[in-house]
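The values are calculated or read from the model by the stated rules, or taken from the named source; none is laboratory data. Given the structure is predicted, the values throughout are model-derived calculations rather than measurements. When we count neighbours, we look across all protein chains shown, and the Cβ atoms used for this are built from the backbone with ideal geometry, even at glycine. Only protein heavy atoms, including side chains, enter the accessible area calculation; ligands, DNA and RNA are left aside. Shrake-Rupley method; radii C 1.70, N 1.55, O 1.52, S 1.80 Å.
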Amino acid sequence: MKLIKQLLFVFAITLTLYACKNETNGTTETATDQETKSENKERTGQAFIKDDGSTTVLSIAMGSKDHTTLVAAVQAAQLENALVNAGPLMVFAPTNAAFAALPEGTVDNLLKPENKAALANILKYHVTPGNYSKDFLKKFKKLGQANNDYVKVEVVDGEPMIGGAKILGSVKAGNGIVHIIDKVLLPPTE
């Protein structure tokens, strides 16, 4: 009988300690936590989570001085979260010079809030599901893009051309690959 009382006493103490621990873990929130939540209220999602050290196609573009126009366009279209998804994603990333080659005023016009849908369509035309090397792309005639259109793939002088754009270089990411291109790809018009 004495053993049963001792076991019940130990059980009661354990239960009490466990209940106290759960009470303190779930309810405390600091002022800093509240400020962070209010700051991130507008822009939430995977793109705004603190960096865990793995590279994404978005972090590669953001880290490149030659892709500031592309990053500004992605931000204006609010597509950041799409570019940090698990993927695999293959992004054809036009350089700043490629954007500068567009007719004057095109980029400024596309960055206006009222043109967000058109900008998003153009940017999605630069994204393909998959993770294919430059050489492997030579095997395709066309690629299905994230905007549900297709981009033509040709091999010119042994090099793949994507929608007429030359691949200048490629950078592997944790969620795919970024192929740097010399031309902005424009979706076909109906």
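So how do 134, 152, 172 rank on accessible area, 1.4 Å probe, biggest first, that is with the largest at the start?
172, 152, 134
What's the local net charge at residue 152, with K and R +1, D and E -1, over the other residues with C-beta under 10 Å away?
So the environment of residue 152 carries a net charge of +1.
Around residue 162, what is the net charge, scoring Lys/Arg as +1 and Asp/Glu as -1 over all other residues with Cβ under 14 Å from its Cβ?
+3
Among residues other than residue 138 whose Cβ falls under 15 Å from its Cβ, what is the net charge (Lys/Arg +1, Asp/Glu -1)?
+2
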